[in-house]
Amino acid sequence: MMAASMRLQRVVILGKNIVKLSRRVHLGSQSRPVNIVKYTQGWAQRSSGGVRSLSTQSEAEPKDYHSIIKDTEKGTGEADRREFQAETRMLLDIVAKSLYSDKEVFIRELISNASDALEKQRYHWLTADPSGGGAQRPLEIHIATDKINRQFTIQDTGIGMTKEEMIDHLGTIARSGSKAFLEQLKEKAGGVAPSDASAIIGQFGVGFYSSFMVAEKVEVFSRRGDGEPGHRWVSDGSGTYEIQPAEGVQPGTKIVVHLKADCREYSDDDTIKGVIKKYSSFVGSPIFVNGKQANVIQPLWLMDPKDVKQDMHDEFYRFVSNSYDRPRFSLHYTTDAPLSIRALLYIPEGKPGLFEMSRDTEVGVALYSRKVLIKSRAENILPKWLRFVKGVVDSEDIPLNLSRELLQNSALIRKLKTVLTNRILRFLHDKSQKETDSYDNFLKDYGLFLKEGIVTSQEQMEKEEISKLLRFESSLKPVGEKVSLPQYCNRLKEGQRDIFYLAAPSRALAEASPYYEALRQKDVEVLFCYEPHDELVLMQLREFDRHPLTSIEKEMRQDKEKEDLTDLGSDSLARSEVESLTTWLKNSLTGKVHSVTVTRRLDSHPCVITVEEMAAARHFIRTQSQQLTEESRFALLQPRLEINTRHPIIKKLSKLSTSNPKLADLVAHQLFSNAMVMAGLVEDPRPLLTGMNELLQLALEKH
């Protein structure tokens, strides 16, 4: 009971202290908000933007707790009131209220500025003492949140600013201290920026002002280094600011953002950690939020590929893709020409979902510039058909707009897109040669995306590069074994220019097709396409390595040898019978066939239908024909019926045309319907059953 009573007394005392302190908070220019942690003398500690009770003052901080933020800064002396050097308050309003699409990016901008200050300090130490032996403080970024007072505080141990630099860099909108620093480095290096300069993020000099999107007032405390005086800068964003000497300022820069009432969420540490994870996880220096490091994932794309282990890839992939599977393939790519690119791209192990199949989804690649997120899903650095690729692309050369959020539409972006696309295609081609089983599984899951790339690409060269990755069954190979277009081209017969293919639902139907008979007799290789969209893909591809891609149905229609009908064969109908039958068939099938001809290329089939562009015709039937009447559909297709005058059915039909015209008419229509089905030009065969039943009824009347 005694112990419980003591704990209750401590809680009551803690509550009273907090109430007293909240009443003593003063927001004047000469004083700072009271720090609850400091004045409760060990009874409370800042945690998750709130207060956490401790049993005794002597209890040590958690081992992973580390913070440099203290409320020791205080303005002294008279404040110097000034106006911003930019045009007017209007420009500040534009920068602070209209430039950025999301308020949360002010955290990204302040972290980027702090990171630049650390890099400048690092460079200063190296130039002052190249051996690196001088006394150096840790280069860190610290953030603290205070829900009670609606404050967001960020402090760095970087180079800090003098009074003149605070006036120049904070009092002049769109003046970038980082950009000026880079220009100085270039001058010293003879016009070429040193390689270390790539760590500098700032470009436009407006990021600091994004804090006014969420702030009622912003305070900045900064000191250039040990022995230098500190200063306080403060503004409410109305077009003026004050600057004065300050005591208790640590080397570096501290920014205190007094949040507006409707921006209270930015005093919550979970919100801050989420924004850091989204935008600034890979900033080169550690970022601590309320004493705990928030950026613990390494930027693997900047590491040597040999040093990145598979478990590191797995963890990083889950981070960038926000998923729980593993990467199937990993592409770690670095180049400095024609652009500076650091990329780490993944192909997921799992099958794509319905959302990924949709073209409305964005590409799953995050775009960074100098390790700072620009866009989590950048839709214009990879084509839509590569939206299944996840990962990170970091480039110093990308042209950003002022808000550092959107890419400018420029030739550099198109070049970046081309370079990345070509590299992915080359990578997949290597996988197809070296890891055939893994690649075949990938093609089974993601082949549809590659085919989409052929259909949607505007460049023939890119189409052909993608087509190298496709695989088809071949008439010369066993069932299940697939070949590529380059392999087919390597086996072309002497004098053969075309790459022949046949669309059919299965291998059995393909080999039984009347269109395949003649080429099978000639032992010509034919690629079999089983997916409905395959022939559309090959039709869009048009050619490969200067070899036309030709449907064997089209080849049959254009065959010049069949036009020579001087010898129809001894087992054929007589020429007079042929002429009579073709005339009768055209009359019987009026409104359906465009013409009736004789072919010598059929052996086991009585007839076949050919149209000018069979693949396009089938695509039309699947997508548009429902809107047309049957008469309009046949008028558009203009099918040609080609008959085999040596076939028993055709011979019998010739006799029936005079002896039993009604039965002959039913047989003719059924032959035409069968040929249309075989050609894949009938989407729904059920209406054909009526005619078939009539034919059976008439044929069975005598039995």
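The values are calculated or read from the model by the stated rules, or taken from the named source; none is laboratory data. Because the structure is a prediction, the values reported are computed rather than measured. All Cβ positions, glycine included, derive from the backbone under ideal geometry; neighbour counts span all protein chains shown. For the accessible areas, the whole protein counts, side chains as well, though only heavy atoms, and no ligand, DNA or RNA atoms are used. Shrake-Rupley method; radii C 1.70, N 1.55, O 1.52, S 1.80 Å.
Of the residues in region 218-273, how many are open to solvent by 10 Å² or more (accessible area, probe 1.4 Å), outside any loop (DSSP other than H, G, I, E, B) and aliphatic (A, V, I, L, M)?
Residues meeting the conditions: 4.
Does Ala366 qualify as being open to solvent by less than 50 Å² (accessible area, probe 1.4 Å) and either assigned to a loop (DSSP other than H, G, I, E, B) or at pLDDT below 85 (or both)?
no
Scan region 130-176 residue by residue and report those that are at pLDDT below 90, open to solvent by 50 Å² or more (accessible area, probe 1.4 Å) and in a loop (DSSP other than H, G, I, E, B).
Result: Pro130, Ser131, Gly133, Ala135, Gln136, Arg137, Ala174, Arg175.
Kindly provide the set of residues from region 572-616 that are over 27 Å from Ala510 (Cβ atoms), free of Cβ contacts under 8 Å to residues at least 60 places away in the same chain and not in a loop (DSSP other than H, G, I, E, B), ordered by number.
Selection gives Arg575, Ser576, Glu579, Thr583, Lys586, Asn587.
Looking at (1) farther than 25 Å from Phe106 by Cβ; (2) at pLDDT below 85; (3) crowded, with 22+ Cβ neighbours inside 10 Å, which one does Leu412 not meet, given that it meets all the others?
Checking Leu412 against (1) farther than 25 Å from Phe106 by Cβ; (2) at pLDDT below 85; (3) crowded, with 22+ Cβ neighbours inside 10 Å, the one that fails is (3).
Quick test for you: out of Ser211, Ser222, Ser238, Ser267, pick the one residue that is farther than 17 Å from Glu119 by Cα, in contact with a Ser or Thr (Cβ under 7 Å, 6 or more places away or on another chain) and of a type in the set (S, T, N, Q). It would help to see each step written out before you state the result.
On the way: Ser211 fails: in contact with a Ser or Thr (Cβ under 7 Å, 6 or more places away or on another chain); Ser222 fails: farther than 17 Å from Glu119 by Cα; Ser238 fails: in contact with a Ser or Thr (Cβ under 7 Å, 6 or more places away or on another chain).
Going through Ser211, Ser222, Ser238, Ser267 in turn, the sole match is Ser267.
Give the number of residues within region 494-532 that are modelled with pLDDT of 90 or more and among the basic types (Lys, Arg).
Number of matching residues: 2.
Please verify whether region 521-528 includes one or more residues that are closer than 25 Å to His619 by Cα, in contact with an Asp or Glu (Cβ under 8 Å, 6 or more places away or on another chain) and in a strand (DSSP E or B).
Among the residues of region 521-528, at least one is closer than 25 Å to His619 by Cα, in contact with an Asp or Glu (Cβ under 8 Å, 6 or more places away or on another chain) and in a strand (DSSP E or B), which makes the answer yes.
Do any residues in region 669-681 that are at negative phi and open to solvent by 10 Å² or more (accessible area, probe 1.4 Å) have Cβ atoms under 8 Å from those of residues that are among the polar types (S, T, N, Q) and in a helix (DSSP H, G or I), where the two are at least six apart or on different chains, and which pairs are they?
That search, which allows pairs on different chains as well, returns His669/Ser588.
For region 617-632, which residues satisfy the criterion of being of a type in the set (A, V, I, L, M, F, W, C) and part of a helix (DSSP H, G or I)? Reasoning before the result, please.
If we filter region 617-632 for residues that are of a type in the set (A, V, I, L, M, F, W, C), which is where we start, we get 617, 620-621, 628.
Result: Ala617, Phe620, Ile621.
What do you reckon, is Glu459 more than 21 Å from Val611 (Cβ to Cβ) and free of Cβ contacts under 8 Å to residues at least 12 places away in the same chain?
Working: more than 21 Å from Val611 (Cβ to Cβ): yes; free of Cβ contacts under 8 Å to residues at least 12 places away in the same chain: yes.
Considered against the rule, which asks whether it is more than 21 Å from Val611 (Cβ to Cβ) and free of Cβ contacts under 8 Å to residues at least 12 places away in the same chain, Glu459 comes out as yes.
Report the residue count in region 490-516 for those that are outside any loop (DSSP other than H, G, I, E, B) and in contact with a Lys or Arg (Cβ under 9 Å, 6 or more places away or on another chain). Give the derivation first.
Here is the first cut: in region 490-516, the residues outside any loop (DSSP other than H, G, I, E, B) are 490, 499-503, 507-511.
Within this subset, residues satisfying the condition of being in contact with a Lys or Arg (Cβ under 9 Å, 6 or more places away or on another chain) are 503, 511.
Here the count works out to 2.
Looking at (1) outside any loop (DSSP other than H, G, I, E, B); (2) within 25 Å of Ile347 (Cβ to Cβ), which is the one condition that is false for Ser323?
In the conditions (1) outside any loop (DSSP other than H, G, I, E, B); (2) within 25 Å of Ile347 (Cβ to Cβ), Ser323 misses (1) alone.
Restricting the search to region 287-312, which residues are open to solvent by less than 40 Å² (accessible area, probe 1.4 Å) and more than 22 Å from Glu349 (Cα to Cα)?
Ile287, Phe288, Val289, Asn290, Gly291, Ala294, Asn295
Tell me which residues, restricted to region 593-617, are at pLDDT 90 or above and open to solvent by 50 Å² or more (accessible area, probe 1.4 Å).
Of everything in region 593-617, just one residue is at pLDDT 90 or above and open to solvent by 50 Å² or more (accessible area, probe 1.4 Å), namely His594.
Report whether or not Pro305 is over 19 Å from Tyr209 (Cβ atoms), under 24 Å from the mean Cα position of the chain (by Cα) and not β-branched (Val, Ile, Thr). Break it down stepwise before answering.
Values: over 19 Å from Tyr209 (Cβ atoms): yes; under 24 Å from the mean Cα position of the chain (by Cα): yes; not β-branched (Val, Ile, Thr): yes.
Yes.
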